[in-house]
Amino acid sequence: MASFHLVSLGCPKNLVDSELMFGFLEQAGWVSTEDPEQATMLLINTCGFIQSAVEEAIDEILELARWKREDPGKLLIVTGCMVQRYGEELIHELPEVDLFIGTDGIHHIVAQVNALTAGKLASKVYVPGRFLMDSTMPRRISTPFYRTWLKITEGCNNRCSYCMIPSIRGELRSRSLPDLIQEAVNLEQQGVRELTLVAQDLTAYGNDRGPSTALPALLKGLLAESSISWIRLMYLYPSGVSDALLALMAEQPRIVPYMDIPFQHASDPVLRRMNRHYTSTDLMQLIDRTRSALPHVALRSTMMVGFPGETENDVQQLAQFLREFRLDHVGVFAYANETGCPSEKFPHQCSEKEKNDRLEFILGVQAEVSTAILQKYVGRVESVLVEGVSQETDLLLEGRTRYQAPEIDGCVYINDGQAMPGHIVNVRITEAQIYDLVGEIID
């Protein structure tokens, strides 16, 4: 029996691509196995956004190639962003691989594998024209049954100076409102209670389709046609967050009061060099507008340190911004040059020591902020989506409040009470740690 072992790397958007390939293969009669030794095909969906992701992908490919060396009859297939980015170069770098498929070819996985096994493969690298998924495709959810991702667009038009996404994923392509609503209905029928909308930029949704198609209209459709308990928004571009979106979130409790808005920095000179289309003043006004409309909102952002030309004054400005505006969750990353990005050739590149020192400093600033912020939850009763037995110990349950996104934020450890995974229960918060909360289920 034809079987495959699938490894998925990278972001939730890439995971959706992996789930589509899983569905297409399963539909064609392939069977999944967790054991690479038992698989007739080894499949890895790669990330190629940053160099560290490329290195991780290559390590994973070489690990899978070990199984192929032991059993040369196995197929080794590499898909995803790394293929889309490097194309034909990979043939010589990774001769162990039988077939490379780019991000726009994932829906042809079965046809390409069939051509490979029949000896009729036109090329070892398959990168066709641009692709946009739809709700008729056989996506196989890999996350716990009660939560998943809804990918609403492909590509990006923002052209940040450090980012390869437009060249890898192409320009913005938005799925239709009816198609996204249909997929949400399908997912709810499978038991989904938390639906997280993802894209390179959620606020750009519909810009390529006209004024009647926009994020607020999509959210209204999802609310009207489904009864999914929690709808979460990830990857909102700062200048695209509209008053209409904030008003809708304030009116609709099923859209959780949580917004992931990557700021990247708080210094105007750095933001200009990044080609981000806003200023630090715009960010401050956005935070004020958001908290005015949604007083209990949890704000998540990402910051990048060590960008070319960044000075100590810029870093101090970022630190002061974090202390003053007290974002609930912040991911901090050190800049790295990416071949093909404009910033690669910018002058005044920071040394690795400067990057690491600044990373450690800003992480420390945010840790202090997070510790203080979490104290506000102690004594409150919050709705918690139960994930199941804790990864730390089987003596605790683990879940998340509306203010914590899956896989990237902290969690709630439940030390009293019982509930099944996927249930939303009331939890009294009794303790706050640096990033996590502790509480007990109440009736």
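The values are calculated or read from the model by the stated rules, or taken from the named source; none is laboratory data. Just so it is clear, the model here is predicted, and its values are computed rather than measured. Every residue, glycine as well, gets a Cβ built from its backbone with ideal geometry; the counts of neighbours run over all protein chains shown.
Of all residues in the stretch 168-195, which are touching a helix residue (DSSP H, G or I) at 6+ places or on another chain (Cβ under 7 Å) and under 24 Å from GLY10 (Cα atoms)? Let's see the steps before the verdict.
Step one: of the stretch 168-195, the residues touching a helix residue (DSSP H, G or I) at 6+ places or on another chain (Cβ under 7 Å) are 168-169, 172, 177, 180-181, 184-185, 195.
Of everything in the stretch 168-195, those that are touching a helix residue (DSSP H, G or I) at 6+ places or on another chain (Cβ under 7 Å) and under 24 Å from GLY10 (Cα atoms) turn out to be ILE168, ARG169, LEU172, LEU180, ALA184, LEU195.
Just need a number here: residues in the stretch 58-85 that are touching a Leu at 6+ places or on another chain (Cβ under 7 Å) and assigned to a helix (DSSP H, G or I).
Total meeting the criteria: 7.
Which of the following residues is touching a Lys or Arg at 6+ places or on another chain (Cβ under 7 Å), crowded, with 22+ Cβ neighbours inside 10 Å and not assigned by TED's automatic domain parsing to the domain that holds ILE408: VAL256, VAL297? Explain how you work it out, then say what you get.
Working: VAL297 fails: crowded, with 22+ Cβ neighbours inside 10 Å.
Criteria check complete, one pass: VAL256.
Could you list, in sequence order, all residues of the stretch 300-321 that are in contact with a helix residue (DSSP H, G or I) (Cβ under 6 Å, 6 or more places away or on another chain), crowded, with 21+ Cβ neighbours inside 10 Å and either without any contact (Cβ under 8 Å) to a residue 12 or more places away in the chain or not small (Gly, Ala, Ser) (or both)?
VAL305, PHE307, GLU310, VAL315
Can you spot a residue in the stretch 49-64 that is touching a residue at least 60 places away in the same chain (Cβ under 8 Å), surrounded by 23 or more Cβ atoms within 10 Å (Cβ to Cβ) and either within 27 Å of LEU132 (Cβ to Cβ) or among the hydrophobic types (A, V, I, L, M, F, W, C) (or both)? Give the derivation first.
In the first step, residues of the stretch 49-64 are kept if they are touching a residue at least 60 places away in the same chain (Cβ under 8 Å); the result is 49-52.
Going one step further and asking which of them are surrounded by 23 or more Cβ atoms within 10 Å (Cβ to Cβ), we end up with none.
Taking every residue of the stretch 49-64 in turn, none turns out to be touching a residue at least 60 places away in the same chain (Cβ under 8 Å), surrounded by 23 or more Cβ atoms within 10 Å (Cβ to Cβ) and either within 27 Å of LEU132 (Cβ to Cβ) or among the hydrophobic types (A, V, I, L, M, F, W, C) (or both).
Any residue in the stretch 74-84 that is modelled with pLDDT under 95 and among the basic types (Lys, Arg)?
no
Considering only the stretch 394-418, state which residues are more than 26 Å from LEU197 (Cβ to Cβ) and either crowded, with 22+ Cβ neighbours inside 10 Å or in contact with a strand residue (DSSP E or B) (Cβ under 9 Å, 6 or more places away or on another chain) (or both). Talk me through it step by step, then tell me what you get.
Filtering the stretch 394-418 for residues more than 26 Å from LEU197 (Cβ to Cβ) gives 394-397, 413-418.
Matches in the stretch 394-418: LEU395, LEU396, LEU397, TYR413, ILE414, ASN415, ASP416, GLY417, GLN418.
Please go through (1) crowded, with 18+ Cβ neighbours inside 10 Å; (2) within 22 Å of the chain's Cα centre (by Cα); (3) touching a residue at least 40 places away in the same chain (Cβ under 8 Å) for GLU382 and return the number of the only condition it doesn't satisfy.
Just one mismatch for GLU382, condition (2).
Out of (1) under 17 Å from ALA298 (Cβ atoms); (2) in the same structural domain as GLN285 (by TED's automatic domain parsing); (3) in contact with a strand residue (DSSP E or B) (Cβ under 6 Å, 6 or more places away or on another chain), the odd one out for LEU359 is which?
Single failed check for LEU359: (1).
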